[in-house]
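Everything below concerns the one structure shown next.
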Amino acid sequence: MRVFVTGASGWIGSATVDELIAAGHEVTGLARSDASAAALQAKGARVRRGDLDDLASIRAGAEAAEAVIHLANKHDWANPANSVTAEVGAVQTIGDALAGTGRPFLVAAGVAGLTRGKPATENDPSPFHGPDSPRGGSENLALEFVGRGVHTVALRFAPTVHGVGDHGFVAMIAAVAREKGVSGYPGDGTSRWAAVHRSDAARLVALGLEKAPAGARLHAVAEEGIPSREIAEAIGRTLGLPVTSIAPDDVQGHFGFIGTFFSMDMVATSTATRELLGWAPTGPTLIEDLDAGAYSPQAPAAN
């Protein structure tokens, strides 16, 4: 199958490209830089130059493909509105390009904020609608295209997709620990994060392309929820730092914007996804990765 991938040189995308090529698919990745283009070509993928603001390139890539996997996001934490605008524009453009074709459109989403007081499941619809909501309500926007003849599948990733070379939330928390000289956790440390290893997440995407029905919501979740205190303790062990609670009123000052997420209970199950796809996570747990030094300053970069 000819597959167009946005975010193809990113943390999840680069591993997904490997899985797709190994499965025999012909991959074209969106690349905004020479370095990204070279990395994709080295893997055996084709390259389409452009970025999330280049909607003409995204549309052309979608029209030429037999399936689209949208994994890119600006993650502009200083200007969230910029990220939302780009996300909504890309999803709308891809959906319009695929309308009436029945072709697969897999779109990245998350489990954060889906439910309160219980683990999120695949049966829980996203409460986010419209451009003023998180990620611009892009999951629901993409799923609306099922009614227009698009085989949309939502890929809900755990808040931490971990592994050697990760530069996401856990890496940010570890960086704060190094800067402050203490590994902190919010309040009583009972807020929890679902987690999945990068290799398992990439394999789920490839399986979702092959097996998931239109309208499916897939959970890339290997661990339902790890308490923030356990995460902080593992970071402390790895970096040789003391571990301490950070009072709720001091969380923002200590952690910066990442403190908001570290304080959130982002828990989810993946029972339905495992049964649907035959997906069984095999990668290390988050704590195993931390204890093995995946987030130490000496950890190698991702490939």
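Mind checking which residues of the stretch 29-85 are charged (D, E, K, R) and more than 20 Å from the chain's Cα centre (by Cα)? Give the steps one after another, and end with the answer.
Initial filter on the stretch 29-85 (charged (D, E, K, R)): 32, 34, 43, 46, 48-49, 51, 53-54, 59, 63, 66, 74, 76.
Passing the criteria: ASP34, LYS43, ARG46, ARG48, ARG49, ASP54, ARG59, GLU63, GLU66.
Quick grid of which residues meet (1) open to solvent by 20 Å² or more (accessible area, probe 1.4 Å); (2) of a type in the set (Gly, Ala, Ser); (3) without any contact (Cβ under 8 Å) to a residue 24 or more places away in the chain; (4) within 27 Å of GLY181 (Cβ to Cβ):
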site	(1), (2), (3), (4)
ILE235	no, no, no, yes
LEU241	yes, no, no, yes
ASP250	yes, no, yes, yes
THR260	yes, no, yes, yes
ARG274	yes, no, yes, no
THR285	yes, no, no, yes
SER296	yes, yes, no, yes
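Identify, by number, the condition in (1) open to solvent by less than 50 Å² (accessible area, probe 1.4 Å); (2) farther than 28 Å from ALA206 by Cβ that GLU223 doesn't meet. Result: GLU223 passes all but (2). Output the residue which, of all residues in the stretch 1-49 that are assigned to a helix (DSSP H, G or I) and in contact with an Asp or Glu (Cβ under 9 Å, 6 or more places away or on another chain), is least open to solvent (accessible area, probe 1.4 Å). Here the answer is LEU20.
Applying the condition of being of a type outside the set (A, V, I, L, M, F, W, C), touching a residue at least 60 places away in the same chain (Cβ under 8 Å) and within 11 Å of VAL3 (Cα to Cα) to the stretch 63-78 and asking which residue is most open to solvent (accessible area, probe 1.4 Å) yields GLU66. Considering the conditions (1) more than 20 Å from VAL146 (Cβ to Cβ); (2) open to solvent by 30 Å² or more (accessible area, probe 1.4 Å); (3) small (Gly, Ala, Ser), ALA214 is excluded by exactly one of them, (1). Residues that are closer than 14 Å to GLU139 by Cα and part of a loop (DSSP other than H, G, I, E, B) within the stretch 65-80 comprise LEU71, ALA72, ASN73, listed in sequence order. Within the stretch 105-123, the presence of a residue that is over 30 Å from GLU224 (Cβ atoms), more than 19 Å from the chain's Cα centre (by Cα) and of a type outside the set (Asp, Glu) is excluded. A single member of LEU218, LEU155, LEU207 is among the aliphatic types (A, V, I, L, M) and either without any contact (Cβ under 8 Å) to a residue 24 or more places away in the chain or more than 21 Å from ASP265 (Cα to Cα) (or both), and it is LEU207.
The rows are residues; the columns are (1) assigned to a loop (DSSP other than H, G, I, E, B); (2) open to solvent by less than 50 Å² (accessible area, probe 1.4 Å); (3) in contact (Cβ under 8 Å) with a residue 40 or more places away in the chain.
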| residue | (1), (2), (3) |
| --- | --- |
| GLY61 | no, yes, yes |
| THR85 | no, no, yes |
| VAL91 | no, yes, yes |
| GLY100 | yes, no, yes |
| GLU122 | yes, yes, yes |
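Screening GLY7 against (1) without any contact (Cβ under 8 Å) to a residue 60 or more places away in the chain; (2) on the phi > 0 side of the Ramachandran plot; (3) not polar (S, T, N, Q) leaves a single unmet condition, (1).
Identify, from the list VAL146, VAL107, VAL150, the residue that is open to solvent by 50 Å² or more (accessible area, probe 1.4 Å), of a type in the set (A, V, I, L, M, F, W, C), at pLDDT 95 or above and under 20 Å from LEU276 (Cβ atoms).
Selected residue: VAL146, the only one of VAL146, VAL107, VAL150 that is open to solvent by 50 Å² or more (accessible area, probe 1.4 Å), of a type in the set (A, V, I, L, M, F, W, C), at pLDDT 95 or above and under 20 Å from LEU276 (Cβ atoms).
Residues that are without any contact (Cβ under 8 Å) to a residue 60 or more places away in the chain, touching a Pro at 6+ places or on another chain (Cβ under 8 Å) and open to solvent by less than 10 Å² (accessible area, probe 1.4 Å) do occur in the stretch 126-139.
The values are calculated or read from the model by the stated rules, or taken from the named source; none is laboratory data. Just so it is clear, the structure is predicted and the values come from calculations on it, not from any experiment. Positions of Cβ are backbone-derived with ideal geometry, glycine not excepted, and every protein chain shown enters the neighbour counts. The protein model used for the area step is the full one, side chains on, heavy atoms only, and it has no ligands, DNA or RNA in it. Shrake-Rupley method; radii C 1.70, N 1.55, O 1.52, S 1.80 Å.
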